[in-house]
Amino acid sequence: MFDEETDIHAKGSNEDKLKQFRILAAEANSVREKDKILVKGLFRNFYNKKLNVGIGFQRAYGAILPGDYFDLIKLPDGNYLFIFADISGHGLPAYTTLIRLRSAVTISIKEIKRIYDKTSTLDTHFLVKDLSTKFTDIMDDSNSHDFASVNFTFIKNDGDMFHLRFYNRGMLFPIIMRKFKGELKDIYNLNDEEKGWEPLKGHLLGSDVRKLLKDKYLETPHCDFTLYEGDSILFFSDGITEAYNKSDPLNDFSEKRLEQFLMENYNLAPQVIIHELFNLVYEFIGCPEQQKDDMTAVLIDFPGVRS
């Protein structure tokens, strides 16, 4: 009788946990869809310019909650900060870390607004340092050993140019498609050191990393790149480039395949490009069950023709 009652109680407890997990997953999906709408909406009124954006994200197979994160924030000085992050792990632990990162972002943006209201200045280096500190403090308080890879991209408009300043904490850099009058002229994979570009990176964000590096932890080098109207930029997580087929695990999708895909499809609408990219990755890995990591991509098309 005792065993039977115990089994019934355990079954009920598991069902309650599953129900709560499904509710949390539904809330996470709702937040992600709202993020997608918000980001697209912000880009439609970006320095009074309408930019076309394609956004795609797929959780790792079997994972209910996401571990990738992106956001576009309008700063007090009228410029923008685009955050693109990949959280370690999957499922609930990764999503919990994602929420902690979002909390740190919210707190730091409020702080920088308060400073800007008093001084009319905005120090991007201070903001990244403050945000990194707040996130790591939250991770410390939670006794978490997880970490985050984050690319903080500050965007400043100057006529037909967009000056990008990257503060990269262990994240992939984006790929640039340089176009002129609608035709592709060059591709810059900013993960490669070439054409005068040097991809400078800081370390991952996390409590264990801070304990190891101590004072050097908050040192985040920056590097600058200029986009022009007509160019496109693709932010992507390593869940895309490191996807592999079970029958050939040493052969991943790779950045080279991604570059080739962009060269062949650059003239399509951004959302169509993202859709076709995800189809190509699934075709490459062979089946959805083989997707071992979250996949996220954001493609921003800066329309315009330079004379």
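Read-outs throughout are calculated quantities, based only on the coordinates presented, and are distinct from any laboratory measurement. Computed from a predicted model, the values in this text were never measured in an experiment. Note that we place each Cβ from the backbone using ideal geometry, even for glycine, and neighbour counts take in every protein chain shown.
Of all the C-alpha pairs in the stretch 39-189, what % are more than 20 Å from each other?
56 percent
Note the angle between two axes, namely the Cα long axis of helix 2-43 and the longest principal axis of the Cα atoms of the chain, as a number of degrees from 0 to 90, rounded to the nearest 10.
That helix lies at roughly 10 degrees to the long axis.
From the residues 177, 247, 161, which one has its Cα farthest along the dipole of the chain in the positive direction, the dipole being from +1 and -1 charges on Cβ of Lys/Arg and Asp/Glu about the Cα centre?
Of the listed residues, the answer is 161.
Suppose every K and R has +1 on its Cβ and every D and E has -1 on its Cβ; what is the size of the dipole of the chain about the Cα centre, in Debye to the nearest 20?
1180 debye
If one computes P(r) from the Cα atoms of the stretch 71-155, what percent of pairs lie at distances over 19 Å?
37 percent
Going by alpha carbons, how many degrees (0 to 90, nearest 10) lie between the helix axis of 124-141 and the longest principal axis of the chain?
In the chain, helix 124-141 runs at an angle near 10 degrees to the longest axis.
What are the extents of the Cα atoms of the stretch 134-182 along their three principal axes, listed from largest to smallest and rounded to whole Å?
Cα spread of the stretch 134-182 along its principal axes, largest to smallest: 53, 20, 12 Å.
How many nm is it between the label spots at residue 96 and residue 275, if each spot is 7 Å from the Cα in line with the beta carbon?
Label at residue 96, label at residue 275, 3.8 nm between them.
Can you give the longest stretch of the chain with no exposed loop site, where a site means GluC sites (Glu not before Pro) in a DSSP loop (not H, G, I, E or B) with at most 11 other C-beta atoms within 10 Å?
With a cap of 11 other Cβ atoms within 10 Å, the longest stretch comes to 1-192.
Using only alpha carbon pairs under 8 Å that are at least six residues apart, calculate the relative contact order of the chain and give it in whole percent.
Here the relative contact order equals 21 percent.
Two decimals is fine: what is log10 I(q)/I(0) at q = 0.15 Å⁻¹ for the chain, from a Debye sum with one equal scatterer on every Cα and no solvent?
Log10 of I(q)/I(0), two decimals: -1.30.
Over the stretch 149-278, what per residue volume does the convex hull of the Cα atoms give, in whole Å³?
140 Å³
Taking the Cα atoms of the stretch 216-300 alone, what are Rg (to one decimal) and Dmax (as a whole number) in Å?
When restricted to Cα atoms, the stretch 216-300 yields Rg and Dmax of 15.1, 44 Å.
Report, to the nearest 10°, how far helix 270-285 tilts away from the longest principal axis of the Cα atoms in the chain, using its own Cα long axis and a range of 0 to 90°.
Between helix and principal axis, roughly 50 degrees.
So for the pair residue 113, residue 185, with labels modelled 7 Å out along Cα→Cβ, what separation do we get in nm?
3.9 nm
Count neighbours as other Cβ atoms within 10 Å of each site's Cβ, and list the trypsin sites (Lys or Arg not before Pro) in the stretch 184-291 that are DSSP loop with at most 13 such neighbours.
Filter output for the stretch 184-291: 195, 246.
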